[in-house]
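**Q** Handing you this structure, nothing more for now.
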Amino acid sequence: MTELLSGAQLLCRLLEEQGVDVLFGYPGGAIMPFYHALPEAPRLRHVLVRHEQAAAHAADGYARASGRPGVCVATSGPGATNLVTGLATAQMDSSPVVAITGQVPRTMIGRDAFQETDVIGITLPITKHSVLVDDITELADKVREAFHIATEGRPGPVLIDIPKDVQNQRMEWGEDDSAVRRYDGTGRGAVLRPVAEGIQAAAELVARARRPLLMAGHGVILAGAYAEVQALAEKTGMPVITTLLGISGFPESHPLHLGMPGMHGEVHVNRAIQHADVILGIGLRFDDRVTGNTAGFAPQARIIHVDLDPSEIGKNVPVALGLVGDARDITARLLEAVSPRDCDAWREEIRSFARERREQYRGDMAPEAILAAIRSGSGEGTTVVSDVGQHQMWVAKLYGYHERNSHISSGGLGTMGFAVPAAIGVHFARPDRPVWAISGDGGFQMNMQEIATMVQEGIPVKMAIFNNGYLGMVRQWQQFFHGRRYSATPIWSPDYVKLAAAYGIAGYRVEDARQMDEAVVRAVRDPGPALVEFLIEQEANVFPMIPPGGSLSEPIEAAPAVAPVP
Ligand SMILES: Cc1ncc(C[n+]2csc(CCOP(=O)(O)OP(=O)(O)O)c2C)c(N)n1
């Protein structure tokens, strides 16, 4: 039996077939046929955001928390271009997002029609794949292929651009076609299996090493290689470093956990890297925030790099051995190949590298105390989504992540404004679990309009604002490297408690530490969204810090006494 379906109706069927349960989007002229069909597809819940950038971040947050593709929808022209930052964010952090955009009718393409932009051209470099659907007969294959490409191998965003008239085209659609038939990907993107000798060679390098380290990146979380990585660390005694996006891939309470490396990594972690003789990197890309100046990175180490994406091997740092494949699969094979050993003497040496944490904050509104209050007030299963800046580093380093995939952040692109909308997406992936969006006063103001989305859709995300009155991270750089010239970094904020009231949600301001616990607990207990503003010290800094382009061996551990003039 067949039935006559429009492109828009068929798109709904295809999204259902792919197991989509929520879409984040915003309507407009070129996508109206799809929005017309949507009410006939009750399994597809649509969340109306207040800005398309937020739709892309929400889809990204959903994808990172669930491991399934997140979907966002926008109209042509400005709707589509508003998705760009979110797609680039997803691309840099390997997050499977499927974006659907309306396009002007085919006869109008290339004529500067109203709200026409070449979104395929714009997004090609910031997506894994972008495709125009030229005809309704191509729709099923292209949608199935988009979901397949977004999730296959190294995940990433895919954009499907659908002209309005294709959404209105009709075709006979048969049951055979609509049966769940995911794109099988035959012949595409073959994953190179690692050769057995590679595994053996890696095991031998680890066996012979005196100072080995395991560095775990986002790939560990994406592949769900938690148990394998932990077992490998335990069998070999190798200390474990987690990158910003690898945080919560390995329990921080584990005695083998060292901390975060790189620009704001702990001194003992970076020194361990500089002393290591073998580094086993799993699912990370050795980006410049991790390595500092690559010329001086891990000078004594032979690097074994495990990554799903062959183009990452040897891209940023020279490697002794590259193993291309799924992090979980390869780690399991390494686990079998290695002999049990310990690294007790090496761990003792690393302990001697550690520095006493110096009190960096005046007053009692220390980020550490705020995060402890959030942690103890929120309970098990909480996901923390951070924004970008100084607070992001504190949230990464001071919270203490023990649960898998419980920390989500924009690492590669460093997108301010990410936290609030991404947390909305996380909520839909984990509806029964608490979600905190933690932002600075700058980043919060970039997407705070999404409180309205939370209210309209009943999304109980809790928002924390670390308010220091500055674009803190940039101010810190100005203090350290630009003669303390605070150019365009002081930032005014509205009264956030009144803002919360205007949206009809609970809002609290915490000015001293005695108010912290109660504000957090009240926010968590509130059944809806809630906001807590923490007034922190204005000129607090993140330490230690490797200056941009500097070596991991030379951390800055205190603000310069005399401001350097560039
Ligand atoms: C969209 C975007 N614009 C600019 C930047 C550059 N930037 C990085 S951190 C930062 C300051 C962030 O300030 P705030 O949100 O108040 O957080 P804080 O550093 O004070 O914790 C800026 C402007 C960015 N990362 N993203």
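**Q** One residue is enough: does the stretch 356-367 have a residue meeting the conditions in a helix (DSSP H, G or I) and either surrounded by fewer than 19 Cβ atoms within 10 Å (Cβ to Cβ) or away from the ligand (no atom under 16 Å from the Cβ) (or both)?
**A** Looking for residues that are in a helix (DSSP H, G or I) and either surrounded by fewer than 19 Cβ atoms within 10 Å (Cβ to Cβ) or away from the ligand (no atom under 16 Å from the Cβ) (or both), one finds none in the stretch 356-367, hence no.
**Q** How many residues, within the stretch 57-95, are open to solvent by less than 30 Å² (accessible area, probe 1.4 Å) and not in a loop (DSSP other than H, G, I, E, B)?
**A** 21
**Q** Kindly provide the set of residues from the stretch 408-437 that are away from the ligand (no atom under 16 Å from the Cβ) and either open to solvent by 10 Å² or more (accessible area, probe 1.4 Å) or on the phi > 0 side of the Ramachandran plot (or both), ordered by number.
**A** If the condition is that a residue be away from the ligand (no atom under 16 Å from the Cβ) and either open to solvent by 10 Å² or more (accessible area, probe 1.4 Å) or on the phi > 0 side of the Ramachandran plot (or both), then 427, 428, 429, 430, 431, 432, 433, 434 are the ones that fit.
**Q** Sticking with this structure for a sec: Go through (1) closer than 19 Å to residue 413 by Cα; (2) within 16 Å of the chain's Cα centre (by Cα); (3) surrounded by fewer than 24 Cβ atoms within 10 Å (Cβ to Cβ) for residue 242 and report which single condition fails.
**A** Unmet for residue 242, out of (1) closer than 19 Å to residue 413 by Cα; (2) within 16 Å of the chain's Cα centre (by Cα); (3) surrounded by fewer than 24 Cβ atoms within 10 Å (Cβ to Cβ): (3).
**Q** Considering only the stretch 369-376, I want to know if a residue exists there that is more than 22 Å from the chain's Cα centre (by Cα), open to solvent by less than 20 Å² (accessible area, probe 1.4 Å), aliphatic (A, V, I, L, M) and at pLDDT below 95. Break it down into steps so the answer makes sense when it comes.
**A** Looking only at the stretch 369-376, we keep the residues that are more than 22 Å from the chain's Cα centre (by Cα), and these are 369-370, 372-373, 376.
Those still in the list that are open to solvent by less than 20 Å² (accessible area, probe 1.4 Å) too: 370, 373.
Pick out the ones that are also aliphatic (A, V, I, L, M) and you get 370, 373.
Now drop any that are not at pLDDT below 95, which leaves none.
So far as the stretch 369-376 goes, no, none of its residues is more than 22 Å from the chain's Cα centre (by Cα), open to solvent by less than 20 Å² (accessible area, probe 1.4 Å), aliphatic (A, V, I, L, M) and at pLDDT below 95.
**Q** In the stretch 438-462, which residues are in contact with a helix residue (DSSP H, G or I) (Cβ under 6 Å, 6 or more places away or on another chain) and either surrounded by fewer than 24 Cβ atoms within 10 Å (Cβ to Cβ) or not in a loop (DSSP other than H, G, I, E, B) (or both)?
**A** Going residue by residue through the stretch 438-462, those that are in contact with a helix residue (DSSP H, G or I) (Cβ under 6 Å, 6 or more places away or on another chain) are 438-440, 447, 450-451, 455, 459, 461-462.
If the condition is that a residue be in contact with a helix residue (DSSP H, G or I) (Cβ under 6 Å, 6 or more places away or on another chain) and either surrounded by fewer than 24 Cβ atoms within 10 Å (Cβ to Cβ) or not in a loop (DSSP other than H, G, I, E, B) (or both), then 438, 439, 440, 447, 450, 451, 455, 459, 462 are the ones that fit.
**Q** Okay, moving on. Residue 444: aromatic (Phe, Trp, Tyr) and within 12 Å of the ligand (Cβ to nearest atom), yes or no?
**A** The answer is yes for residue 444.
**Q** Let me ask something else about it. Within the stretch 505-525, can one find any residue that is more than 16 Å from the ligand (Cβ to nearest atom), within 19 Å of residue 365 (Cα to Cα), under 26 Å from the mean Cα position of the chain (by Cα) and not in a strand (DSSP E or B)?
**A** Yes, some residue in the stretch 505-525 is more than 16 Å from the ligand (Cβ to nearest atom), within 19 Å of residue 365 (Cα to Cα), under 26 Å from the mean Cα position of the chain (by Cα) and not in a strand (DSSP E or B).
**Q** Same structure, new question: What do you reckon, is residue 499 more than 12 Å from the ligand (Cβ to nearest atom) and not in a helix (DSSP H, G or I)?
**A** Numbers: more than 12 Å from the ligand (Cβ to nearest atom): yes; not in a helix (DSSP H, G or I): no.
Judged against the criteria, residue 499 is not a match.
**Q** So, one more: Six or more apart or on different chains, Cβ atoms under 7 Å: show the pairs whose first residue is in the stretch 376-399 and over 16 Å from residue 65 (Cβ atoms) and more than 15 Å from the ligand (Cβ to nearest atom) and whose second is among the aliphatic types (A, V, I, L, M) and not in a strand (DSSP E or B).
**A** 377/520; 377/521; 377/524
**Q** Now for a separate question. Could you please tell me which pairs satisfy a Cβ distance under 8 Å, a separation of 6+ or placement on different chains, a first residue in the stretch 447-468 that is closer than 12 Å to residue 423 by Cα and within 16 Å of the ligand (Cβ to nearest atom), and a second residue that is open to solvent by 10 Å² or more (accessible area, probe 1.4 Å) and polar (S, T, N, Q)?
**A** 447/53
The values are calculated or read from the model by the stated rules, or taken from the named source; none is laboratory data. If you're wondering where the values come from, they're calculated on a predicted model, not measured in any experiment. Here the Cβ is made from the backbone with ideal geometry for all residues, glycine too, and neighbour counts use every protein chain on show. Note: areas computed on protein heavy atoms with side chains; ligands, DNA, RNA excluded. Shrake-Rupley method; radii C 1.70, N 1.55, O 1.52, S 1.80 Å.
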